[in-house]
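The values are calculated or read from the model by the stated rules, or taken from the named source; none is laboratory data. Predicted, not measured: the structure shown is a model, and the values here were computed from it. Here the Cβ positions follow ideal geometry from the backbone for every residue, glycine too, while neighbour counts run over all protein chains shown. Accessible surface areas use protein heavy atoms only, side chains included; no ligands, DNA or RNA. Shrake-Rupley method; radii C 1.70, N 1.55, O 1.52, S 1.80 Å.
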Amino acid sequence: MGELEDAVMTRVWKWNRPVTVREVLEDLQRERTIAYTTVMTVLDNLHQKGWVRREAEGRAYRYEAVSTRAAYAAALMNDAWSQSDNPAAALVAFFGMMSDEQRQALWDAVRIVQGPETPGAGENPGSAPQGGGR
């Protein structure tokens with residue numbers, strides 16, 4: 001997704017409702033000079049790519065996100081990871097870039113995916129033993 005497409009989708013995701021070209025245009029114009037036709041073209045491109053659906057309203061359309069920003073981010077990560085010739089090394093490098101908060105979010109997500117019945121699901125291999133100090 002290009003920079004302008006991302007700026008448009010950010011608004012669609014943030015507002016979480018069907019939006020018009022005019023609404024997106026007016027919000028974008030707070031940051032930059034941009035034409036109505038440019039925003040209309042971007043939303044049409046996003047529709048053709050499957051990121052938004054649209055419904056006619058009079059002579060215009062209302063656009064709505066097909067999926068969440070989280071799903072988009074997950075698709076990007078999956079695409080990048082699948083292109084690696086060494087997925088394990090790519091993951092190690094990615095984990096090394098993460099903040100402590102991001103690593104905790106990762107462990108939380110793993111626990112959710114594994115479910116409570118999975119042995120060791122509540123364990124965080126990178127954490128200190130219970131009762132021991134760091």
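Considering (1) closer than 16 Å to Val24 by Cβ; (2) open to solvent by 70 Å² or more (accessible area, probe 1.4 Å); (3) over 15 Å from the mean Cα position of the chain (by Cα), the lone condition that Arg69 does not fulfil carries the number (3). Taken together, Glu57, Glu26 contain a single residue that is in contact (Cβ under 8 Å) with a residue 24 or more places away in the chain, surrounded by fewer than 14 Cβ atoms within 10 Å (Cβ to Cβ) and of a type in the set (Asp, Glu), which is Glu57. When each of Val42, Val24 is tested for being in contact with a Lys or Arg (Cβ under 8 Å, 6 or more places away or on another chain), assigned to a helix (DSSP H, G or I) and of a type in the set (Val, Ile, Thr), the lone residue that passes is Val24. Taking first residues from segment 33-45 that are in contact (Cβ under 8 Å) with a residue 40 or more places away in the chain and within 11 Å of Glu5 (Cα to Cα) and partners that are open to solvent by 60 Å² or more (accessible area, probe 1.4 Å) and outside any loop (DSSP other than H, G, I, E, B), no Cβ contact under 6 Å between residues at least 6 apart in sequence or on separate chains turns up. Screening segment 29-49 for residues that are among the polar types (S, T, N, Q) and more than 17 Å from Ala65 (Cα to Cα) and picking the one that is most open to solvent (accessible area, probe 1.4 Å) gives Thr33.
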